[in-house]
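*Asks:* One structure follows; several queries about it will come next.
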Amino acid sequence: MKHETAPPPAPREPVQIRWERRTQRPLLALAVAFAVAYAVPIVRPGASATTTGACTAVEWFVWGAFAVDYGVRLALAEHRGPFVRTHWLDLCAVVLPMIQPLRLLRLVSTLLLVGRRARMASQIKLTTYVVGAVVGLLMFGSLAVLSVERESPDGNIKTLGDAVWWSFTTMTTVGYGDHAPTTGLGRILAVGLMLSGIALLGVVTANIAAWFIARFEKDDAEERRQTAAIEALTAEVVALRAQVDTLSGALAGAAVPRRAKAAEGDRPGGEPPVSAPRV
């Protein structure tokens, strides 16, 4: 009796990958909470101390959650040295706010950590990521420059509309010049926003070019497949015609002797038929 061997067990998924997959959505939800907490004191500068304190607590809580996430991923990594070297940006985003507790550093750190985790998610497509990055940069860039430039005596970015317009013109590298930062921190934000806009524009352009190339290659492959199929059918038709011609010739050659024998059989003794007497 033949014994069937059981199939080998599927390789178990690493614990770090399972952790990253399970914490993806909760961390993104915390990032949305961070965005709201960061925006409220800027959009409403006259908010109460309780509201401002609650927003600050939420910002620190979200940053702490991402810091704990980095620590857990580091602890679960099989090789911690290579993990630190390949995730050095995450480490900087975790450490910087501890060195200098500025709201802007918490903003930059959280954006970096959210971006890194978003790129890890295989279900997030490149286009979705780019669109989300553009919206996030516009929103946070506008809020950050407004919080920095609003109190500047020489600044001309005083409202949220001015800040959003400035972010659009900066990210697209148009730079009309009607609104521009005057403080050092505001100019640093402008440089970061310009570089981010150029990088995202390059990603979008490369993505569109790759889509067109893939589409053309698919069309060329389909055309080559159809051409090969037509050539194969043509060769089969030519072969069938050759076979039909051969069979027709063979049948015609076999039919001639049969007709000759039949004619000889109609004449007994091979004599020509005698014509009927005339009356």
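*Asks:* Against the definition (open to solvent by less than 60 Å² (accessible area, probe 1.4 Å), modelled with pLDDT under 80, out of contact with any Leu (no Cβ under 7 Å at 6 or more places or on another chain) and assigned to a helix (DSSP H, G or I)), how does Val256 come out, yes or no? Let's see the steps before the verdict.
*Replies:* Numbers: open to solvent by less than 60 Å² (accessible area, probe 1.4 Å): no; modelled with pLDDT under 80: yes; out of contact with any Leu (no Cβ under 7 Å at 6 or more places or on another chain): yes; assigned to a helix (DSSP H, G or I): yes.
Criteria not met by Val256.
Okay, residues lined up against (1) free of Cβ contacts under 8 Å to residues at least 40 places away in the same chain; (2) surrounded by fewer than 12 Cβ atoms within 10 Å (Cβ to Cβ):
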residue	(1), (2)
Asp154	yes, yes
Trp166	yes, no
Met171	yes, no
Gly175	yes, no
Leu193	no, no
Ile198	yes, no
Phe216	yes, yes
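*Asks:* So the check is Cβ under 7 Å with 6+ separation or different chains; which pairs have a first residue in the range 19-48 that's over 13 Å from Phe61 (Cα atoms) and β-branched (Val, Ile, Thr) and a second one that's open to solvent by less than 40 Å² (accessible area, probe 1.4 Å) and at pLDDT 80 or above?
*Replies:* Thr23/Asp69; Val40/Cys55; Ile42/Leu143; Ile42/Leu146
*Asks:* Hey, any hits in the range 65-88 for a residue that's under 29 Å from the mean Cα position of the chain (by Cα), farther than 21 Å from Leu30 by Cβ and buried (at least 16 other Cβ atoms within 10 Å of the Cβ)?
*Replies:* Residues of the range 65-88 under 29 Å from the mean Cα position of the chain (by Cα): 65-74, 76-80, 82-88.
From what's left, farther than 21 Å from Leu30 by Cβ: 77-80, 82-86, 88.
From what's left, buried (at least 16 other Cβ atoms within 10 Å of the Cβ): 77, 83.
Yes: one or more hits.
*Asks:* Taking the residues in the range 14-28 that are among the aliphatic types (A, V, I, L, M) and either over 15 Å from Phe66 (Cα atoms) or loosely packed, with under 14 Cβ neighbours inside 10 Å (or both) as candidates, determine which candidate is nearest to the chain's Cα centre (by Cα). Spell out how you get there, then give the answer.
*Replies:* Just the residues of the range 14-28 that are among the aliphatic types (A, V, I, L, M), to begin with: 15, 17, 27-28.
Among the residues that remain, those that are also either over 15 Å from Phe66 (Cα atoms) or loosely packed, with under 14 Cβ neighbours inside 10 Å (or both) are: 15, 17.
Values: Val15: 25, Ile17: 20 Å.
Filtering first and then ranking leaves Ile17.
*Asks:* Under 9 Å between Cβ atoms, at least 6 apart or on separate chains: pull out the pairs that start in the range 236-253 with a residue that is open to solvent by 60 Å² or more (accessible area, probe 1.4 Å) and end on any residue that is not aliphatic (A, V, I, L, M) and not in a helix (DSSP H, G or I).
*Replies:* none
The values are calculated or read from the model by the stated rules, or taken from the named source; none is laboratory data. All figures in this text were calculated on a predicted structure; none of them were measured in a lab. So basically every Cβ, Gly included, is an ideal-geometry build from the backbone, and we count neighbours across all protein chains shown. Ligands, DNA and RNA are stripped out before the accessible areas are found, and what is left, the full protein with its side chains, is counted by its heavy atoms. Shrake-Rupley method; radii C 1.70, N 1.55, O 1.52, S 1.80 Å.
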